[in-house]
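Shown next, in structure tokens, is the structure this report addresses.
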Amino acid sequence: MPRGRNVTFLIYNVVRRIPYGRVASYGQVAALAGMPRAAQVVGWSLGRLKPNTKLPWHRVVNKDGIITIENLSYPKEAQAALLESEGIVVERHGGVLVIDLKKFGWNATL
């Protein structure tokens, strides 16, 4: 597996390619970056982003389509609002925010 900045570069390169109005899972991003068992690394890399980033970090959700962000700079509702601004429907089930991956998932091959 690549290391350090190279890992981050590979992850961000995939995230940049997620189309407007689509989402990808952490595992999908990891696999497309050549690291199929590194979904957690994707989460860590996105969690280190600065608040003014242009990277579409909000298009990454967990494997079940659930918004699981833990970063105080980017709360769940902020991620949901960004997704909704792209036409993605975010269902609210109590405190759980869910995206239908069958409808809004990115079917990618790089």
* To do: Give the residue that is surrounded by the most Cβ atoms within 10 Å (Cβ to Cβ), with candidates limited to residues of region 2-44 that are of a type outside the set (A, V, I, L, M, F, W, C), in contact (Cβ under 8 Å) with a residue 40 or more places away in the chain and assigned to a loop (DSSP other than H, G, I, E, B).
  => Arg22
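Looking only at region 45-73, filter to residues that are of a type in the set (Gly, Ala, Ser) and in a loop (DSSP other than H, G, I, E, B); which one of those is nearest to the chain's Cα centre (by Cα)?
So, considering only residues that are of a type in the set (Gly, Ala, Ser) and in a loop (DSSP other than H, G, I, E, B), the one nearest to the chain's Cα centre (by Cα) is Gly65.
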* Asked: Out of all the residues in region 61-108, which are over 18 Å from Leu49 (Cα atoms) and either surrounded by 19 or more Cβ atoms within 10 Å (Cβ to Cβ) or touching a residue at least 40 places away in the same chain (Cβ under 8 Å) (or both)?
  -> Gly65, Glu86, Gly87, Ile88, Val90, Leu97, Ile99, Leu101, Phe104, Gly105, Trp106, Ala108
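Only the coordinates and a few stated rules stand behind these numbers; no lab work does. Keep in mind it's a predicted model, so treat the numbers as computed, not measured. Don't worry about glycine lacking a Cβ; one is built from the backbone with ideal geometry, like all the others, and counts go over all protein chains shown.
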